[in-house]
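Heads up, the thing below is written out as structure tokens.
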Amino acid sequence: MFRKITSLIVILALALLPAAFAEEAAVRVGALKGPTAMGMVEMMEDHADTYDFTLAAAPDEIVPLLVKGELDIAAVPANLGSVLYNNTKGAVKALAINTLGVLYICERGESISSVADLKGRTLVSAGKGSTPEYALNYILRGNGLDPEKDLTIEYKSEHAECLAAMLQDETLVAMLPQPFATVAMGKADDLRPALDLTEAWDALQADEENPSTLITGIAVARADFIEQHPEAVKQFMDDYRESVIFAQQNVADAAQLIGKFDIFEAGPAEKALPYCNITFIDGEDLKTKLSGYLDVLFEADPASVGGAVPGEDFYY
């Protein structure tokens, strides 16, 4: 998913086009199949007359629809929201964080209980040159480890390759995202998530005045839609918050809806949902946590956030 972000730049050069929208029409919402859509399932089930949902497998299916004004709101990777903002000259705004980090360090055995335990190990991961690598390096360095000297990191093209390598060599550790990590645990009885990298990030930020966090996804909206339909946006925020609470508190029922809407298989979703860090964070907390996260990405690679960290007008 992360690798396709760079392929969107040509599309993003287009200005967002205003869309005709009747007050009685359903709000058009896009989301990616995976954790960033899981918190929306109660809305999909109970508010089908209010919202018209489009689910896609990759960002490059969602972004053109948003750019052309065929979507009003979309759940996208956090850094892609920043790229959109920069490449459309502020024509999108961030509404809320919907998913914190979903990255876990997994191992076969019980040898890892802290980031420091990764010293001297070989770690396999997907996401070279993108946000997973930048997040991992930030956490390693924050814990006194040099990613190039203190451990060996081997990057693969996809998560399935990382799992295959672990199944062949039980000494390897892997950085895997949810819900794939839960699926992977079904392949080997001794495979477990040893470290939650969101918790590791938060530990590094514990003493900061304005702590950031590791973020996977955010909800964004076209700025013209927010201006033209403020009440619809306010209602969306209220409904979305309640939908997230439903997913957090009713895991089994939410998993069934996740399967119903073909976001992920219901069985693995029920096991993975508690580890997917589904959330709803808006207002000042949105600004603080997201801007700090984007700062870290910018330092690693300015292109990953569209060349600049967005200004305050990025935040709803």
Could you check region 135-206 for helices (runs of 4 or more DSSP H) lying wholly inside it with 1 or more residues that are open to solvent by 60 Å² or more (accessible area, probe 1.4 Å) and within 24 Å of Thr99 (Cα to Cα)?
159-168, 197-205
Yes or no: Pro77 under 12 Å from the mean Cα position of the chain (by Cα), within 14 Å of Ala174 (Cβ to Cβ) and in contact (Cβ under 8 Å) with a residue 40 or more places away in the chain?
no
Collect the residues in region 288-316 that are over 25 Å from Arg141 (Cβ atoms) and surrounded by 14 or more Cβ atoms within 10 Å (Cβ to Cβ), keeping them in residue-number order.
Phe314, Tyr315, Tyr316
Out of Leu176, Leu191, report the one residue that is within 23 Å of Ala37 (Cα to Cα) and either in contact with a Cys (Cβ under 7 Å, 6 or more places away or on another chain) or modelled with pLDDT under 95 (or both).
Leu176
Which residue out of Ala37, Ala75, Ala96, Ala48 is small (Gly, Ala, Ser) and surrounded by fewer than 24 Cβ atoms within 10 Å (Cβ to Cβ)?
Ala48
Here are some conditions: (1) more than 14 Å from Met175 (Cα to Cα); (2) in contact with a strand residue (DSSP E or B) (Cβ under 8 Å, 6 or more places away or on another chain); (3) not hydroxyl-bearing (Ser, Thr, Tyr). Gly120 meets all but one. Which one does it not meet?
(2)
Among the numbered criteria (1) within 25 Å of Lys93 (Cβ to Cβ); (2) modelled with pLDDT of 95 or more; (3) of a type outside the set (D, E, K, R); (4) open to solvent by 50 Å² or more (accessible area, probe 1.4 Å), which single criterion is violated by Phe225?
(4)
Out of (1) surrounded by fewer than 17 Cβ atoms within 10 Å (Cβ to Cβ); (2) in contact with a Leu (Cβ under 9 Å, 6 or more places away or on another chain), the one Leu123 does not meet is (1)
Determine which single condition Pro274 fails, assuming it passes every other condition in (1) surrounded by fewer than 15 Cβ atoms within 10 Å (Cβ to Cβ); (2) assigned to a loop (DSSP other than H, G, I, E, B).
(2)
Since Val10 meets every condition but one in (1) at pLDDT 50 or above; (2) farther than 14 Å from Gly81 by Cα; (3) out of contact with any helix residue (DSSP H, G or I) (no Cβ under 8 Å at 6 or more places or on another chain), which condition does it not meet?
(1)
Only one of (1) closer than 22 Å to Ala48 by Cβ; (2) surrounded by 15 or more Cβ atoms within 10 Å (Cβ to Cβ); (3) of a type outside the set (A, V, I, L, M) does not apply to Asp238, and that is (2)
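Yes/no matrix, rows are residues, columns are (1) over 30 Å from Ala206 (Cα atoms); (2) without any contact (Cβ under 8 Å) to a residue 60 or more places away in the chain:
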residue: Ser125; (1), (2): no, yes
residue: Gly129; (1), (2): no, no
residue: Ile139; (1), (2): no, no
residue: Asn143; (1), (2): no, no
residue: Thr152; (1), (2): no, yes
residue: Gln168; (1), (2): yes, yes
residue: Ala174; (1), (2): no, no
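The values are calculated or read from the model by the stated rules, or taken from the named source; none is laboratory data. Quick caveat, the model's predicted, so the values are computed rather than measured. Cβ sites come from the backbone with ideal geometry, for glycine too, and all protein chains shown count toward neighbours. These accessible areas exclude ligands, DNA and RNA; they are computed on the full protein's heavy atoms, side chains included. Shrake-Rupley method; radii C 1.70, N 1.55, O 1.52, S 1.80 Å.
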